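The values are calculated or read from the model by the stated rules, or taken from the named source; none is laboratory data. Fair warning: this is a prediction, and the values are worked out from it, not measured in the lab. So basically every Cβ, Gly included, is an ideal-geometry build from the backbone, and we count neighbours across all protein chains shown.
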Amino acid sequence: MDYTKILIEFIVTFVVVYLFYYFFVIKKCKNNKKIAPAEVNVILSLYKIDVNKIDLYQMIKVVSLVTVTVLSIIITIIGKFFNSTIIMLIFGTLISVIVAFICYRIIGKHYEKKSNSLKKEKGDKNDKKS
(Lines give C-alpha, C1' and ligand atoms only; values in the text may rest on other atoms or scores of the structure.)
Protein backbone atom coordinates (compact mmCIF):
# COMPACT_ATOMS: atom_id res chain seq x y z
CA MET A 1 0.00 0.00 0.00
CA ASP A 2 1.40 3.39 -1.00
CA TYR A 3 0.90 5.80 1.89
CA THR A 4 1.99 8.87 -0.06
CA LYS A 5 -0.76 8.26 -2.61
CA ILE A 6 -3.32 7.93 0.20
CA LEU A 7 -2.02 11.12 1.82
CA ILE A 8 -2.22 13.02 -1.47
CA GLU A 9 -5.78 11.76 -2.04
CA PHE A 10 -6.71 12.88 1.47
CA ILE A 11 -5.22 16.34 0.97
CA VAL A 12 -6.94 16.81 -2.40
CA THR A 13 -10.25 15.62 -0.94
CA PHE A 14 -9.82 17.89 2.06
CA VAL A 15 -9.09 20.95 -0.08
CA VAL A 16 -12.00 20.31 -2.45
CA VAL A 17 -14.50 19.66 0.35
CA TYR A 18 -13.21 22.62 2.39
CA LEU A 19 -13.47 25.02 -0.54
CA PHE A 20 -17.00 23.82 -1.24
CA TYR A 21 -17.92 24.18 2.43
CA TYR A 22 -16.21 27.56 2.68
CA PHE A 23 -18.00 29.15 -0.27
CA PHE A 24 -21.42 27.68 0.41
CA VAL A 25 -21.55 27.64 4.23
CA ILE A 26 -18.88 29.65 6.03
CA LYS A 27 -19.01 32.66 3.74
CA LYS A 28 -22.79 32.95 4.20
CA CYS A 29 -22.32 32.82 7.97
CA LYS A 30 -19.66 35.53 7.85
CA ASN A 31 -22.00 37.91 6.05
CA ASN A 32 -25.00 37.09 8.25
CA LYS A 33 -24.11 35.72 11.68
CA LYS A 34 -27.74 34.85 12.39
CA ILE A 35 -27.44 32.05 9.84
CA ALA A 36 -25.59 29.02 11.16
CA PRO A 37 -25.15 25.51 9.78
CA ALA A 38 -27.43 22.80 11.12
CA GLU A 39 -24.56 21.17 13.01
CA VAL A 40 -23.89 24.38 14.93
CA ASN A 41 -27.58 24.88 15.72
CA VAL A 42 -27.82 21.31 17.04
CA ILE A 43 -24.76 21.80 19.26
CA LEU A 44 -26.09 25.13 20.53
CA SER A 45 -29.47 23.67 21.42
CA LEU A 46 -28.24 20.37 22.89
CA TYR A 47 -25.68 21.98 25.19
CA LYS A 48 -27.71 25.15 25.83
CA ILE A 49 -24.83 27.41 24.83
CA ASP A 50 -25.51 31.13 25.05
CA VAL A 51 -24.62 32.64 21.68
CA ASN A 52 -23.94 36.00 23.32
CA LYS A 53 -21.21 34.47 25.52
CA ILE A 54 -19.13 32.91 22.74
CA ASP A 55 -17.77 33.91 19.35
CA LEU A 56 -20.33 32.24 17.08
CA TYR A 57 -18.30 32.74 13.90
CA GLN A 58 -15.29 31.04 15.53
CA MET A 59 -17.51 28.14 16.55
CA ILE A 60 -18.84 27.88 12.99
CA LYS A 61 -15.27 27.71 11.67
CA VAL A 62 -14.28 25.03 14.21
CA VAL A 63 -17.34 22.90 13.45
CA SER A 64 -16.76 23.33 9.71
CA LEU A 65 -13.13 22.30 10.00
CA VAL A 66 -14.07 19.20 12.00
CA THR A 67 -16.86 18.33 9.56
CA VAL A 68 -14.59 18.68 6.55
CA THR A 69 -11.84 16.63 8.21
CA VAL A 70 -14.26 13.84 9.12
CA LEU A 71 -15.74 13.78 5.62
CA SER A 72 -12.31 13.77 3.98
CA ILE A 73 -11.05 10.91 6.12
CA ILE A 74 -14.17 8.86 5.49
CA ILE A 75 -14.13 9.52 1.74
CA THR A 76 -10.45 8.55 1.54
CA ILE A 77 -10.94 5.37 3.57
CA ILE A 78 -14.05 4.31 1.67
CA GLY A 79 -12.42 4.95 -1.69
CA LYS A 80 -9.43 2.80 -0.79
CA PHE A 81 -11.01 -0.19 0.90
CA PHE A 82 -14.44 -0.73 -0.64
CA ASN A 83 -15.49 -1.43 -4.22
CA SER A 84 -19.23 -1.95 -3.81
CA THR A 85 -21.35 1.21 -3.91
CA ILE A 86 -23.91 -0.14 -1.46
CA ILE A 87 -21.23 -1.09 1.06
CA MET A 88 -19.64 2.34 0.58
CA LEU A 89 -22.95 4.07 1.33
CA ILE A 90 -23.75 1.93 4.36
CA PHE A 91 -20.25 2.11 5.85
CA GLY A 92 -19.90 5.83 5.06
CA THR A 93 -23.22 6.69 6.65
CA LEU A 94 -22.61 4.67 9.80
CA ILE A 95 -19.07 5.90 10.34
CA SER A 96 -20.04 9.52 9.54
CA VAL A 97 -22.82 9.51 12.10
CA ILE A 98 -20.70 7.90 14.82
CA VAL A 99 -17.62 10.08 14.28
CA ALA A 100 -19.67 13.27 13.89
CA PHE A 101 -21.56 12.52 17.09
CA ILE A 102 -18.31 12.06 19.01
CA CYS A 103 -16.64 15.16 17.53
CA TYR A 104 -19.69 17.39 17.97
CA ARG A 105 -20.03 16.18 21.56
CA ILE A 106 -16.45 17.23 22.27
CA ILE A 107 -17.03 20.62 20.63
CA GLY A 108 -20.32 21.07 22.48
CA LYS A 109 -18.75 20.28 25.87
CA HIS A 110 -15.90 22.71 25.15
CA TYR A 111 -18.19 25.58 24.25
CA GLU A 112 -20.55 24.70 27.10
CA LYS A 113 -17.66 25.08 29.56
CA LYS A 114 -16.58 28.28 27.86
CA SER A 115 -20.11 29.72 28.02
CA ASN A 116 -20.57 28.69 31.65
CA SER A 117 -17.19 30.08 32.72
CA LEU A 118 -18.05 33.42 31.14
CA LYS A 119 -21.39 33.42 32.97
CA LYS A 120 -19.60 32.76 36.28
CA GLU A 121 -17.04 35.51 35.63
CA LYS A 122 -19.77 38.02 34.86
CA GLY A 123 -21.73 36.84 37.91
CA ASP A 124 -18.66 37.35 40.11
CA LYS A 125 -18.12 40.84 38.76
CA ASN A 126 -21.75 41.77 39.42
CA ASP A 127 -21.45 40.40 42.99
CA LYS A 128 -18.38 42.54 43.66
CA LYS A 129 -20.15 45.69 42.43
CA SER A 130 -23.02 45.20 44.90
Conditions (1) of a type outside the set (F, W, Y); (2) under 24 Å from T93 (Cβ atoms); (3) in a helix (DSSP H, G or I); (4) over 15 Å from the mean Cα position of the chain (by Cα); number of the one not met by L7: (2)
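Test V51 against the criterion of being hydrophobic (A, V, I, L, M, F, W, C) and at pLDDT 90 or above, and give yes or no. Even if it seems obvious, please write down each step before you answer.
On the way: hydrophobic (A, V, I, L, M, F, W, C): yes; at pLDDT 90 or above: no.
So V51 does not fit the description; no.
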Residue list for the range 32-50, filter: loosely packed, with under 15 Cβ neighbours inside 10 Å and over 15 Å from S64 (Cβ atoms): N32, K34, S45, L46, K48, D50
Close pairs from the range 77-96: first exposed (fewer than 12 other Cβ atoms within 10 Å of the Cβ), partner not acidic (D, E), Cβ under 9 Å, at least 6 apart: F81/F91
Per-region count, the range 64-76, residues crowded, with 17+ Cβ neighbours inside 10 Å and free of Cβ contacts under 8 Å to residues at least 60 places away in the same chain: 7
Number of the exception - S64 against (1) assigned to a loop (DSSP other than H, G, I, E, B); (2) at pLDDT 90 or above; (3) not charged (D, E, K, R): (1)
Members of the range 26-54 that are in a loop (DSSP other than H, G, I, E, B) and either touching a Lys or Arg at 6+ places or on another chain (Cβ under 7 Å) or closer than 19 Å to K113 by Cβ (or both): I35, Y47, K48, I49, D50, V51, N52, K53, I54
Failed item in (1) among the polar types (S, T, N, Q); (2) at pLDDT below 90; (3) closer than 17 Å to V99 by Cβ, with S72 passing the rest: (2)
